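> Have a look at the structure that comes next, please.
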Amino acid sequence: SQHVKAFINETWLERYGYPIHQDNLLFLWSITVSIFGIGGLVGSSGSRYLTVKYGKKKCLLCTNLLMITAASVMGCSKMARSFEMILIGRFLCGVSAGLCVPLHHQYLGEVSPKKLRGFANSTASFFWSLGKATGQIAGQRELLGSRSLWPVLMASCGIPALVQLLTLPFFPESPPYLLIHKGDQEGCKKAIRQLWGEGHHQAEIDDIMKEKATMKNTKILSVLELMKEPAFRWQLYMIIILSATVQLSGISAIYFYTFEVLQAAGFDDRMISYMTLSVGLSELLAAVVCSSIIERLGRKTLVRGGYYIMGSLLAAITVTLSLQDWYFWMPYCSLCLIILFVVVFGIGPAGATISIRAEIFQMSCRPPAFVIGAVLNWVGIFVIGTTFPFIVERLKQFCFLIFMGVLFTSGTIVHLFLPETKGKSIVEITEEFNKLNFK
């Protein structure tokens, strides 16, 4: 951030002959940060229409082109002496991410066999954590976080997009999409053999056929139609609760407070940057653990248990932060609890939530459901980003009590109303929800 702020100030000075006012600099910086979320909201809002019209594979290919364009624009901003290019690049990057996230989760869930569906979905959480950890490592001063190389760091988001652009054409469209919406049974079988290898896959094909038979029609519902449809009321409640709880779990607050906790422990700023990296790596390790246990423990157990443990840890963190001026060793306790909180988040809700979202909706309402979840996610990022500094200023460490209340409430709702989806077909999961929708 310091290098981008300096670049904005230098560019302003070159153009107008005087340095930018501090308030204007803060405004431009805040817009640079928040415009990513605005782009994400725009992208996720259009994901349903594009999925229906072009299919998930083609849409994913297009999002890669958009991300590469965004990376090129941001990477050339310093050379062109234009901070506006960073704004444009960040917006395009957000649009690409907003489109990619719901498409990626749907495609992963649909190309996976039932016995590996939870594992495949949870890998999205692993790569999300890997991206954050890679960014933290590459952003160190000794690597790309220097005054001369920060444009390269901003442009590096185009590398994974380029990899996917070159490899995704060799993958088939999702089998359920081919069978249910295209009516291409041979294409579906060919895609399954390509994805899962040669073998007897008739049981999975029969599950897709049963799903098609239970659907009133193969037309994909709009967002408004899904919200009005009573047969999916409780599925919608669940995706709203799960999406909102991820944002209101306190994970953003935890990352914010890590710096202050380490400062209170007496570490210098250079050492703090390496120690905060340990928090990101802990989340990455937790995502690996989640991928390995999700098929054994189930989604509901990981989400519910994760919420309760995270809520208890927030209570403990509130106590240790309140006492950190009393005892010299208390900040170290706070740091241990923070790392444990991140680990529990990665093992439980982070990966399992993604899997549940992909499993509780039929093919006809999956795209609009993911639009609703994604919009909630991006709105949550924007709201938390704009209001959290004021909440911290008023409540200090007691802000964690708000998140603790959300976690315990959501954990209870999940315990009472969310059916376990492990090892079940979409027809079986729908029958479980029908007991709530039509009781």
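> Helices (runs of 4 or more DSSP H) wholly in the range 74-161 with at least 2 residues that are under 30 Å from Met275 (Cα atoms) - which ones?
84-111, 117-138, 150-155
> Filter the range 179-201 down to the residues that are assigned to a helix (DSSP H, G or I) and open to solvent by 70 Å² or more (accessible area, probe 1.4 Å), then identify the one that is nearest to Leu130 (Cα to Cα). Before you say what the answer is, go through the steps one by one.
Taking the range 179-201 and keeping what is assigned to a helix (DSSP H, G or I), we get 179-181, 185-196.
Those left that are additionally open to solvent by 70 Å² or more (accessible area, probe 1.4 Å): 185-186, 190, 193-194.
Values: Gln185: 37, Glu186: 37, Lys190: 32, Arg193: 30, Gln194: 27 Å.
The selected residue is Gln194.
> Still on this model: Anything in the range 270-300 that is under 25 Å from Lys424 (Cβ atoms), open to solvent by less than 60 Å² (accessible area, probe 1.4 Å) and part of a helix (DSSP H, G or I)? List them, or say none.
Ala287, Val289, Cys290, Ser291, Ile293, Ile294, Glu295, Arg299, Lys300
> Checking Leu416 against (1) exposed (fewer than 15 other Cβ atoms within 10 Å of the Cβ); (2) at pLDDT below 80; (3) more than 30 Å from Thr320 (Cα to Cα), which single condition isn't satisfied?
For Leu416, the exception is condition (2).
> Being at pLDDT 85 or above, open to solvent by less than 20 Å² (accessible area, probe 1.4 Å) and of a type in the set (A, V, I, L, M): is that true of Ala71 here?
When the stated conditions are applied, Ala71 passes them.
> Looking at the structure I just gave you, is Pro176 open to solvent by less than 70 Å² (accessible area, probe 1.4 Å), touching a helix residue (DSSP H, G or I) at 6+ places or on another chain (Cβ under 7 Å), in the same structural domain as Gly131 (by the TED database) and assigned to a helix (DSSP H, G or I)? I'd like the intermediate steps shown before the answer.
Details: open to solvent by less than 70 Å² (accessible area, probe 1.4 Å): yes; touching a helix residue (DSSP H, G or I) at 6+ places or on another chain (Cβ under 7 Å): yes; in the same structural domain as Gly131 (by the TED database): no; assigned to a helix (DSSP H, G or I): yes.
When the stated conditions are applied, Pro176 does not pass them.
> Please work out which residue is farthest from Ser355 (Cα to Cα), limiting yourself to the range 301-311 and to residues that are open to solvent by 50 Å² or more (accessible area, probe 1.4 Å) and among the β-branched types (Val, Ile, Thr).
In this case the residue turns out to be Ile309.
> Restricting attention to the range 384-413, which residues are surrounded by fewer than 18 Cβ atoms within 10 Å (Cβ to Cβ), modelled with pLDDT of 90 or more and among the aliphatic types (A, V, I, L, M)?
Matches in the range 384-413: Ile413 only.
> So which of Pro349, Pro331 is open to solvent by less than 10 Å² (accessible area, probe 1.4 Å) and modelled with pLDDT of 80 or more?
Pro349
> From the residues in the range 3-25 that are over 15 Å from Ile86 (Cα atoms) and of a type in the set (A, V, I, L, M, F, W, C), which one is surrounded by the most Cβ atoms within 10 Å (Cβ to Cβ)?
Filtering the range 3-25 for residues that are over 15 Å from Ile86 (Cα atoms) and of a type in the set (A, V, I, L, M, F, W, C), the one surrounded by the most Cβ atoms within 10 Å (Cβ to Cβ) comes out as Ile20.
> May I pose another question? Would you confirm whether or not the range 233-243 contains a residue that is closer than 30 Å to Leu335 by Cβ and in the same structural domain as Phe433 (by the TED database)?
Checked against the condition, which is being closer than 30 Å to Leu335 by Cβ and in the same structural domain as Phe433 (by the TED database), the range 233-243 yields at least one hit.
> Let me ask something else about it. Being in contact with a Leu (Cβ under 7 Å, 6 or more places away or on another chain) and open to solvent by 20 Å² or more (accessible area, probe 1.4 Å) is the filter here, so list the residues in the range 373-383 that pass it.
Within the range 373-383, Val375, Val379 meet the criteria.
> Continuing with this model, one more query. Test Phe361 against the criterion of being among the hydrophobic types (A, V, I, L, M, F, W, C) and either farther than 20 Å from Asn121 by Cβ or open to solvent by 60 Å² or more (accessible area, probe 1.4 Å) (or both), and give yes or no.
no
> Go through (1) out of contact with any His (no Cβ under 9 Å at 6 or more places or on another chain); (2) crowded, with 20+ Cβ neighbours inside 10 Å one by one and return the number of the condition Lys56 breaks.
Of the numbered conditions (1) out of contact with any His (no Cβ under 9 Å at 6 or more places or on another chain); (2) crowded, with 20+ Cβ neighbours inside 10 Å, the odd one out for Lys56 is (1).
The values are calculated or read from the model by the stated rules, or taken from the named source; none is laboratory data. These figures come from a predicted structure and were not determined experimentally. Heads up, the Cβs are rebuilt from the backbone with ideal geometry, glycines too, and the neighbour counts pull from every protein chain shown. Keep in mind that these areas ignore ligands, DNA and RNA; they rest on the heavy atoms of the full protein, side chains included. Shrake-Rupley method; radii C 1.70, N 1.55, O 1.52, S 1.80 Å.
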